[in-house]
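First comes the structure, then the notes that go with it.
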Amino acid sequence: DRQTLVAVLQFLRRSNLRESEEILRREARLLGDDLGGNVATVATSSPGVAAVAAVPPGKGEARGDCGVGLSSRRKPGKRGARVLLAASGALPVVVGGAVAVGGAVLVEDQPDVSAVLSAYNQQGDPTLYEEYYSGLKHFIECSLDCHRAELSQLFYPLFVHMYLELVYNQHESEAKSFFERFHGDQECYYQDDLRVLSSLTKKEHMKGNETMLDFRTSKFVLRISRDSYQLLKRHLQEKQNNQIWNIVQEHLYIDIFDGMPRSKQQIDAMVGSLAGEAKREANKAKVFFGLLKEPEFDVPLDDEDEEGENEEGKPKKKKPKKDNVGSKSKKQDPNAPPQNRIPLPELKDSDKLDKVMNMKEAARRVRLGPECLPSICFYTFLNAYQGLTAVDITDDSSMIVGGFADSTVRVWSVTPKKLRSVKTAADLSLIDKESDDVLERIMDEKTASELKILYGHSGPVYGTSFSPDRNYLLSCSEDGTVRLWSLQTFTCLVGYKGHNYPVWDTQFSPYGYYFVSGGHDRVARLWATDHYQPLRIFAGHLADVTCTRFHPNSNYIATGSADRTIRLWDVLNGNCVRIFTGHKGPIHSLAFSPNGRFLATGATDGRVLLWDIGHGLMVGELKGHTDTVYALRFSRDGEILASGSMDNTVRLWDAVKAFEDLETDDFTTATGHINLPENSQDLLLGTYMTKSTPVVHLHFTRRNLLLAAGAYSSQ
């Protein structure tokens, strides 16, 4: 290894890194002849420094029989690292994101974009790239079936990186022929990415391309069993195939697990996102998915009774008692977050009144199931030439809002009660504030109408959300703002400016006060209505955040993205606690089950995937839709999942059956060997066609009637 050492010293001198050279010389002198094979490199955080730590024998053995934990993160000074690795004959394996060298653990630093492209500045022979790739392809295709499926995951990331390397080094004709020869071998769900890639034919194109930078800055994650990995390592060592080695070392993160290799079906279910699968570490954090205890309060029954008929008084009196029983059982929910984990707004009197109404409605709720499917009421927007882009319905199903491409927000009353604004200040001063019906008197009858139009946005409105107390409405738009509207005065109260680009979705917390927004700038933001700056910024997605959802306990937020992943974020500290991969297209709908344990997601691939939040596992796949799934909603008790799609259908699925007898043992959780039921048709309870109306929103009323909405399209 003396030659290696000399080579590194020369490299350091050429790069004017005198200090590093001195340190290395001193280290080498200390260890004398004890250098044999035990030199491991460390990518330090300062650009251009490849410090080399010599490790005493036996500590960080970097010999050919064991992968050295190395995370050289695309720094200009990484060539020294490469020489050493090649010499020690080991493929780098990063376990859990930290690198252990001689007992010390080094956490890898974030890449800086300027250094990203220079990683391609390699001097491989461009004419041999096709040979390298086809050699590896031949090896994988001839390996045993059990390893072939796992190793085939290498094709796509290697193809992309080798192509980009050729382009970056200006071997344009070789790059073109490489692309044409091998792009047909890639899995069908990467077609969109390959289309973008095929347009990058010159070094200049690579500079400003986002997709290209994503691929660079995030390591592509492959989950492979130890046996398959050893097989690959041996092959690459025998063939001395350094070009492929370097890419594996530089751009891939191989997450190794012990146990049986996964089957083709198991791998296909989980892959497809922009950066490969999620690292297993990403889904290990504890998530409090239980529900918060319902607040206990005495219900002023007598006042209520005057309004309702007498016989209705009986269930009313029973209900609060039942609620207290309910809260006792909820006390024991071991998975619920502490009640004060995040500050939640206190209940106002009107909220308590609403809860009472809710309980009364719940008493008359229809128990749904395979034998008792819900009635579906479809609200069709006719002549919506403005282009309907978003819909929401209040929790009590009294109002419906549409966001339109002509930048208007339109609110309709769905009940006979018309929408009224509050009177002017001059008129309000004349009202007797002590009277019983003061809330009625402040409303101006002259303003009563079925429809109110809200003007303010300067671009299409992509998301709308009513507050739980029905006093406010949120809308987000292509103009980069989120607006808060008063439903008392039907005017805009606040414009929240934080996103620089279109905002695709926004949603109120189930407790009000907080809301979330997600947009083209790839981040989701958490806001409070009384702060004009976001409270949290959730960054991590590699493409637009297309949809957002609060967990029923308001401690977590789920975001779906065009990078084909779903992430779960902790509101308390802003950490990402779950990453779910498996969809083959951008995510457009999310729904939590009422008990908070499960998440359903829908995407442009027409599949609905079901996830166990606690274990961080995919537990189901519902196939049936033939186009983007834009709407998902669980019934009030969680027995039925409704999905609505651009294919003009609403489908009902048996959620109870989908979630029973789940295999979530430790082995499955540890390795991701998921066993999805073969036939999701068993879970399909019904399909309901519209004439020509894509379904953009679904909502279960408090009594479990299903409301659907969409705009009729004439084509």
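Evaluate region 626-643: report whether one residue or more is more than 19 Å from K279 (Cβ to Cβ) and under 11 Å from the mean Cα position of the chain (by Cα). No - not one qualifying residue is present in region 626-643.
For region 575-597, filtering for residues that are more than 22 Å from L526 (Cα to Cα) and not in a loop (DSSP other than H, G, I, E, B) leaves 1.
Does region 475-502 hold any residues that are under 22 Å from the mean Cα position of the chain (by Cα) and of a type outside the set (S, T, N, Q), and which are they?
Matches in region 475-502: C476, E478, G480, V482, G498, H499, Y501, P502.
Selection of region 247-269 for residues being open to solvent by 20 Å² or more (accessible area, probe 1.4 Å), assigned to a helix (DSSP H, G or I) and not charged (D, E, K, R) yields Q265, Q266.
The rows are residues; the columns are (1) open to solvent by 10 Å² or more (accessible area, probe 1.4 Å); (2) at pLDDT below 95.
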| residue | (1), (2) |
| --- | --- |
| D521 | yes, yes |
| L526 | no, no |
| T529 | yes, yes |
| Y532 | yes, yes |
| A539 | yes, yes |
| D544 | yes, yes |
| T548 | no, no |
| N553 | no, yes |
| I557 | no, no |
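Within region 448-467, the residues that satisfy the criterion of being open to solvent by 40 Å² or more (accessible area, probe 1.4 Å) and part of a strand (DSSP E or B) are L451, I453, Y462. Among the residues of region 599-635 satisfying the criterion of being assigned to a loop (DSSP other than H, G, I, E, B) and among the acidic types (D, E), which is least open to solvent (accessible area, probe 1.4 Å)? So the residue we want is D605. K348 meets the conditions (1) within 19 Å of S643 (Cα to Cα); (2) open to solvent by 40 Å² or more (accessible area, probe 1.4 Å) in every case but one. The failed one is (1). Scoring C476 on the criteria (1) farther than 16 Å from G519 by Cα; (2) touching a residue at least 12 places away in the same chain (Cβ under 8 Å); (3) not in a helix (DSSP H, G or I) leaves a single failure, condition (1). Does region 563-570 include one or more residues that are in a loop (DSSP other than H, G, I, E, B) and surrounded by fewer than 24 Cβ atoms within 10 Å (Cβ to Cβ)? Checked region 563-570: no residue is in a loop (DSSP other than H, G, I, E, B) and surrounded by fewer than 24 Cβ atoms within 10 Å (Cβ to Cβ). Taking every residue in region 189-201 that is not assigned by the TED database to the domain that holds T565 and open to solvent by 40 Å² or more (accessible area, probe 1.4 Å) and pairing it with any residue that is assigned to a helix (DSSP H, G or I) and among the acidic types (D, E), at least 6 positions away or on another chain, the pairs with Cβ-Cβ distances below 9 Å are T201/E172. Does G596 meet the test of being buried (at least 23 other Cβ atoms within 10 Å of the Cβ), over 14 Å from the mean Cα position of the chain (by Cα) and assigned by the TED database to the domain that holds D392? It is true that G596 is buried (at least 23 other Cβ atoms within 10 Å of the Cβ), over 14 Å from the mean Cα position of the chain (by Cα) and assigned by the TED database to the domain that holds D392.
Report yes if L164 is touching a strand residue (DSSP E or B) at 6+ places or on another chain (Cβ under 8 Å), in contact (Cβ under 8 Å) with a residue 40 or more places away in the chain and assigned by the TED database to the domain that holds L252, otherwise no.
So L164 does not fit the description; no.
Take R470 and tell me if it is crowded, with 21+ Cβ neighbours inside 10 Å and either on the phi < 0 side of the Ramachandran plot or assigned by the TED database to the domain that holds F538 (or both). In short, no.
With respect to being of a type outside the set (D, E), part of a loop (DSSP other than H, G, I, E, B) and open to solvent by less than 60 Å² (accessible area, probe 1.4 Å), A336 fits the description.
Looking across region 217-234, the residues that are open to solvent by less than 20 Å² (accessible area, probe 1.4 Å) and farther than 19 Å from I579 by Cβ come down to S225, S228, Y229, L232, K233.
When D647 is tested against (1) among the charged types (D, E, K, R); (2) open to solvent by 30 Å² or more (accessible area, probe 1.4 Å); (3) modelled with pLDDT of 85 or more, exactly one condition is not met: (2).
Rundown of residues vs (1) among the charged types (D, E, K, R); (2) farther than 23 Å from L705 by Cβ, yes/no style:
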site: R549; (1), (2): yes, no
site: A558; (1), (2): no, yes
site: W611; (1), (2): no, yes
site: H615; (1), (2): no, yes
site: L641; (1), (2): no, no
site: N648; (1), (2): no, no
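Considering each residue of region 271-280 in turn, at least one proves to be open to solvent by 30 Å² or more (accessible area, probe 1.4 Å), not assigned by the TED database to the domain that holds K584 and not in a helix (DSSP H, G or I). Could you say whether any residue in region 220-237 is more than 17 Å from S143 (Cα to Cα) and part of a helix (DSSP H, G or I)? No, the conditions are met nowhere in region 220-237.
Here D505 fits the description: closer than 23 Å to V696 by Cβ, of a type in the set (D, E) and either modelled with pLDDT under 95 or more than 10 Å from the chain's Cα centre (by Cα) (or both). Do we find a residue being β-branched (V, I, T) and within 19 Å of V461 (Cα to Cα) anywhere in region 564-577? Scanning region 564-577, I find no residue that is β-branched (V, I, T) and within 19 Å of V461 (Cα to Cα), so the answer is no.
The values are calculated or read from the model by the stated rules, or taken from the named source; none is laboratory data. Bear in mind that the values here come from a model prediction, so they are computed numbers and not experimental data. Neighbour counts are summed over all protein chains in view; Cβ atoms, including those assigned to glycine, are modelled from backbone coordinates with ideal geometry. Please note that ligands, DNA and RNA were not included when accessible areas were found on the heavy atoms of the full protein model with its side chains. Shrake-Rupley method; radii C 1.70, N 1.55, O 1.52, S 1.80 Å.
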